[in-house]
Amino acid sequence: MSTNFDFLKKNDKDLFNIINDAEKLYRSEFFEQCMAQTRRFGEVVCKNVLGSRRTTEVTFDAMLATLKDCTLGSSEAAKEFVDDLYFLKKHGNESVHSVTVKQDGMEALECLKRAFEVAINYCVYSCNEDRKILKLQYNTELLITGKKSRQSLSEKYLSQKSKTTKSKQNKPAKPQYCSVKSQKQNTKSPLFWYFVGISAVISAVMLIILAVI
């Protein structure tokens, strides 16, 4: 089964095994345990990077403080590297010491993504790995399925867009109907004309009677 961290395997197999377990925990929906494992991963990376510069530091927090001092004035990548390690420490500690179980999948996913960035920087700047891996991006689909997709994200987007366009083109147009109802003419005489007619008849009868008398 492929992982997002395969590039790490040839540089540090122990680190790879730690973070590989974190991805397995995520797939099994053990999100808090996943975050704790990414914290462990960050601590071992920090220890490896410090190397001989680590003296009395024992805890992750103490090692991070020393590493931060060592990177003062360094490149932006070095600062981001330390920030990512702090992130892993913070959320890993919260997952371990929390009284309630949150099972936050999005938070665990963010920890894996931060661990991914840490792993890339570690390989490039500490293990002299090819800088081409700096272009790698964390693949959520690979995390879930364990299988590498043959298509890149851009290729998937273009493929889906093409299918949607074809679907719209092949969809038959609905005929438009326009019906106009004609109003019936009012063939009935208004009440007024009935009254006029009756009055005329009465008047004629009265005139005939008067003439006879």
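The values are calculated or read from the model by the stated rules, or taken from the named source; none is laboratory data. Quantities reported herein were computed from a predicted structural model and do not represent experimental measurements. Every residue, glycine among them, receives a Cβ derived from its backbone with ideal geometry; neighbour counts consider all protein chains shown. What goes into the accessible areas is simple: the full protein's heavy atoms, side chains included, and nothing from ligands, DNA or RNA. Shrake-Rupley method; radii C 1.70, N 1.55, O 1.52, S 1.80 Å.
Taking all pairs of distinct Cα atoms, average 1/r, flip it, and tell me the Kirkwood hydrodynamic radius of region 19-113 in Å to one decimal place.
13.8
Taking only protein heavy atoms and a 1.4 Å probe, what accessible area per residue, in Å², does region 1-92 have with all protein chains in place?
50
I want to check the label-to-label distance for Cys70 and Lys13. Put each point 7 Å from Cα in the C-beta direction and report it in nm to one decimal.
About 2.5 nm separates the two model spin labels.
Any chance you could run the full-extension gain for Ile202 through Asp61? It's 0.36 nm times the residue separation minus the Cα-Cα distance, nm to one decimal.
Numbers: separation 141, 0.36 × 141 = 50.76 nm, distance 11.65 nm.
Taking 0.36 nm per residue and subtracting the Cα distance, the gain is 39.1 nm.
On a full-extension model of 0.36 nm per residue, what is the gain between His97 and Met1, subtracting their alpha-carbon distance, rounded to one decimal in nm?
Full extension of this stretch gives 31.4 nm more.
Could you bin all the Cα-Cα distances of region 63-147 into 5 Å bins starting at 0 and give me the percent of pairs in each, rounded to whole numbers?
The percentages, shortest bin first, are 3, 12, 19, 21, 18, 14, 8, 4, 0.
Arg53 to Lys24: FRET efficiency via 1/(1 + (r/R0)^6), r the Cβ-Cβ distance, R0 45 Å, to the nearest 0.05?
FRET efficiency, Arg53 to Lys24: 0.85.
Hey, quick one: spin label on Leu134, modelled 7 Å out along Cα-Cβ, who in region 62-78 has an amide N within reach, i.e. under 13 Å?
75-78
Let me check against my output: what whole-number percent is the relative contact order of region 1-128, with C-alpha pairs under 8 Å and at least 6 apart?
34
Per q in 0.30 1/Å, what log10 I(q)/I(0) does a Debye calculation on the alpha-carbon atoms of region 4-55 return?
Listed by q, the Debye log ratios stand at -1.10.
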